[in-house]
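Every number in this text was worked out from the coordinates using simple rules, so none of it is lab data. All values derive from a computational prediction rather than experimental measurement. Every residue, glycine among them, receives a Cβ derived from its backbone with ideal geometry; neighbour counts consider all protein chains shown.
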Amino acid sequence: MKKGDEYMINSVCVLTIKVDNIQAAIDFYTNVLDFNVSKYYGEKIVSLQHEAVPIVLEETEHQLLGNRQGVLLGLLSQDIEQDFSQLKAKGVKVLFDEPKPCPPGRYFVIEDPSRNEIELVQFL
């Protein structure tokens, strides 16, 4: 999406659900909620088939979550470097020094005013 000459960062591209045990999560989402596994990205990250926004299960050690949210909103970036620079220039709290690689491309994480984390992802 474009706003004038600027790309807008308002397209949800993924929901990541942080889980304590990936096998238990796969069992729950497939056997209880009837999702199907779409793709494995290693031993701790799994994508589920979904008609609209992809849903990813990611195993994270429970103590790392602390009081943080268990669901991470992912927004689509068309130009990860530009979005990174613009958000930093706007004073947004960016949790990384630079965009990092991830299985589908590159990403970085920001915080909203309530300390909710939002992931920006550019698919390669």
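Shown in residue order for the range 93-101 are the 3J(HN,Hα) couplings computed by the Karplus curve 6.51 cos²θ - 1.76 cosθ + 1.60 at θ = phi - 60°: 6, 9, 8, 10, 6, 6, x, 10, x Hz (x for Gly and Pro). Between Leu57, Leu87, Leu33, which gets the highest mean-square fluctuation from a Gaussian network model of the chain, Cα cutoff 10 Å? Of Leu57, Leu87, Leu33, the Gaussian network model singles out Leu33 as fluctuating most.
For a straight C-alpha distance cut-off of 15 angstrom, the aspartates and glutamates reachable from Lys93 (same-chain residues fewer than eight places away being disregarded) are Asp83, Glu111, Asp112, Glu117, Glu119.
Along its first, second and third principal axes, ordered by size, the chain spans 46, 31, 23 Å in Cα coordinates.
Cα centroids of the range 67-124 and the range 28-44: 24 Å apart. When peptides 108-115, 15-22 are ranked by their average number of other Cβ atoms within 10 Å per residue, the highest-first order is 15-22, 108-115. Taking amide H positions as modeled 1.01 Å from N, with prolines and chain starts lacking one, the residues under 5 Å from Ser77 and 5 or more places away or on another chain are Val121, Gln122, Phe123.
A helix-only calculation puts the chain at -4000 deg cm²/dmol for mean residue ellipticity at 222 nm, using -39500 (n - 2.57) for each DSSP H run of at least four residues, averaged over all residues.
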